[in-house]
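Inspection log for the structure reproduced underneath, given as structure tokens.
The values are calculated or read from the model by the stated rules, or taken from the named source; none is laboratory data. No experiment lies behind these values; they were computed from the predicted model shown. Every residue, glycine as well, gets a Cβ built from its backbone with ideal geometry; the counts of neighbours run over all protein chains shown. Areas reflect the complete protein model, heavy atoms only, side chains present, ligands, DNA and RNA absent. Shrake-Rupley method; radii C 1.70, N 1.55, O 1.52, S 1.80 Å.
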Amino acid sequence: MGSFLKNIKIYYNKLSRIPKNEFFSRAFLGVKKYYSNSPATIILQTVSACNLQCKHCFITNYGTEIKDGVTKIILFNEFQILADRLAPMIKKSSFFVFSTFEAIINKDLFTMMDYLLKINPDLKFPFLSNAMQLTPEKILKLQSYPITEMNISVDGTTKEVVEQFKNGVDFEKILLALDRLSTSKLRDKVAVTFVAHKRNIHQLPDLINMVNRYGVKTVYVSNLLSFTQENRDMVLYSREGNAEVEEIFERSIRNASINGQMLELPLTKPKLKGCQAVENFFVNYNGNVSPCDFLAVTTPFTLFGETQTSPPIVYGNILYDDPLEIFRSDAFTDFRDRHRLAKDIPVACSKCIDAFGLMCSNRTVYS
């Protein structure tokens, strides 16, 4: 009876958080995942590197503060070995993500997509990008593949604000990429992510309008995740919330409504909601399976002035263990269930803002 009630609570939580315009497609994926007991999304870290060196990004601390973090771009033969081991799972999955970093910098990306589509012709590919590598040639190639979303990082409306926040980014290149995408076959797939902090939040309402001029109809907003004490003064959330930011959110909602855009906003006051990243099957470049990219290495998390660092959480390695058995293991299932129930979340996640509705997971959808 206890297990039955727990499952009812999990399904209620998941269904109640689905945006209305995505309810049937997402519910169908949930049913498919339930019956197959296999993940809908596989993330394989083909790239644990980036073409930028942003201070707020945890990969910038690889080899220094995060001593076990390894910067690597895997070769195609290495990818083949990992993909072959994942093949039974790939056949059951709907989405495949090539990295949580800038996957487009891997020269073998298109060959990798071809290889996966031979395993599962119905597989689809979401992408995250800082837009620096989105040349006309790459856009032309990408539009011939089943891309579900091309999510571009745009953290402001002016060159000064954007380039102060992200080291190595070129604001003009971002706008050029948006312009190129707006006239490509990917135009209806383009979304934008805005990482909100004290130096750029005033630009959010104008950003809604700016990206609308490029035909962008989906805007995601996330709070800044502070890995160290260095960025703690830039965050917008607090234990009491943030009335000033809420007013800016209201203006942004009005602009999005007028433009016919979908806007997803995080909380400014933390509420334990659990993290959605654990629903994916994350595989590191070396075959290790972890709940997410953060927990694949010794990542520090800072929340309200307190920093916590936990050792990596690894449930197995696909080079030696059956991937489906790893996913279905009691330990991994229990980890996911704690987040699904938004109750008694693992200690390793207790200082990560994504468990509290402050970043990507369980944002409020306005459409």
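Pull up all non-local amide H partners of VAL190: gap of 5 or more, or a different chain, and H-to-H distance under 5 Å with H placed in the peptide plane.
So VAL190 has HN proximity to MET150.
Under 13 Å from the Cβ of PHE304, count the other residues' Cβ atoms, weight Lys and Arg +1, Asp and Glu -1, and hand me the total.
Numbers: positive: ARG232, ARG239, LYS269, LYS351; negative: ASP233, GLU240, GLU306.
Computed value for this residue: +1.
What does the C-alpha gyration tensor say about the overall shape of the stretch 149-192? Classify as rounded when a/c is under 1.5, otherwise prolate if a/b is larger than b/c, or oblate.
Cα axes put the stretch 149-192 in the prolate bin.
With +1 assigned to the C-beta of every Lys and Arg and -1 to the C-beta of every Asp and Glu, and no other charges, what is the dipole magnitude of the chain about the Cα centre in debye, to the nearest 20?
Dipole size: approximately 960 debye.
Restricting attention to the stretch 222-317, which chymotrypsin sites (Phe, Trp or Tyr not before Pro) occupy a DSSP loop and are surrounded by at most 14 other Cβ atoms within 10 Å?
Counting only loop positions with at most 14 other Cβ atoms within 10 Å, the chymotrypsin sites (Phe, Trp or Tyr not before Pro) in the stretch 222-317 are PHE304.
Collect residues whose amide H, placed 1.01 Å from N in the peptide plane, falls under 5 Å from the amide H of VAL97; neighbours closer than 5 in sequence don't count.
ILE42, ILE43, LEU44
Which of GLY241, GLY274, GLY215 moves the most in a Gaussian network model of the chain with Cα springs under 10 Å?
GLY241
Step through the table entries LYS92/LYS166; LYS189/LYS273; LYS141/LYS166; LYS55/LYS118, compare each Cα-Cα distance with 31 Å, and write down the pairs that go over it. Walk me through the numbers before you get to the answer.
Details: LYS92/LYS166 37 Å; LYS189/LYS273 28 Å; LYS141/LYS166 27 Å; LYS55/LYS118 39 Å.
Correct reply: LYS92/LYS166; LYS55/LYS118.
Hey, can you find the accessible area per residue of the stretch 192-256 for me, probe 1.4 Å, expressed in square angstrom?
43
Taking Cα centroids, how far is the stretch 120-187 from the stretch 263-301 in Å?
If we compute the Cα centre of each part, the gap is 23 Å.
Given a 10 angstrom Cα cut-off, can you work out which residue in THR64, THR218, THR268 is the most mobile in a GNM of the chain?
In the Gaussian network model the winner is THR64.
Report the Rg/Rh value for the stretch 285-367, based on alpha-carbon coordinates and the Kirkwood definition of Rh.
Checking Rg against Rh, the ratio lands at 1.01.
Sorted from largest down, give the three principal axis spans of the alpha carbons of the stretch 114-236, whole angstrom values.
Principal-axis extents of the Cα atoms in the stretch 114-236, largest first: 48, 31, 24 Å.
Accessible area per residue of the stretch 281-361 at 1.4 Å probe, in Å²?
Heavy-atom SASA per residue in the stretch 281-361 reads 37 Å².
Which of CYS292, HIS202, SER238 sits farthest toward the positive end of the charge dipole of the stretch 193-351, with +1 on the Cβ of Lys and Arg and -1 on the Cβ of Asp and Glu?
It is HIS202, whose Cα lies furthest towards the positive end.
Run the reach check for LYS124 against aspartates and glutamates, Cα to Cα strictly under 13 Å, same-chain hits fewer than 8 apart removed. What comes back?
Partners found: ASP114, GLU149.
With a cut-off of 8 Å between alpha carbons and a minimum separation of six or more residues, what is the relative contact order of the stretch 96-156 in percent?
39
Among VAL161, TYR145, MET132, whose Cα lies farthest out toward the positive end of the dipole of the stretch 130-198, if unit charges sit on the beta carbon of Lys, Arg (+1) and Asp, Glu (-1)?
TYR145
If amide hydrogens are placed 1.01 Å from N in the peptide plane, which non-local residues have theirs closer than 5 Å to the one on LEU224?
Under 5 Å from the amide H of LEU224 lie the amide H atoms of ALA196, LEU236, each far enough along the sequence or on another chain.
Note down, for the stretch 95-160, the three equivalent ellipsoid semi-axes (square root of 5 times each alpha carbon gyration tensor eigenvalue), biggest first, whole angstrom.
Equivalent-ellipsoid dimensions as semi-axes: 24, 12, 10 Å.
Ignoring ligands, DNA and RNA, please state the percent of accessible area on the chain from carbon and sulfur, probe 1.4 Å.
Details: 8830 of 16610 Å².
Its accessible area is 53 percent carbon and sulfur atoms.
Per DSSP helix of 4 or more residues, -39500 (n - 2.57); summed, then divided by the residues of the chain. What does that give at 222 nm, rounded to the nearest 500?
It lands at -10500 deg cm²/dmol.
Shape of the stretch 167-288 from its Cα gyration tensor (a ≥ b ≥ c, root eigenvalues): rounded if a/c is under 1.5, otherwise prolate when a/b > b/c, or oblate?
Cα axes put the stretch 167-288 in the oblate bin.
Using a probe radius of 1.4 Å on heavy atoms only, what accessible surface per residue do you get for the stretch 80-146? Whole Å² is fine. Present the calculation step by step, with values, prior to reporting the outcome.
Details: 2810 Å² over 67 residues.
Normalised by residue count, the accessible surface of the stretch 80-146 is 42 Å².
Once the cut-off is 30 Å, how many percent of the Cα-Cα pairs in the chain end up in the long-distance tail?
36
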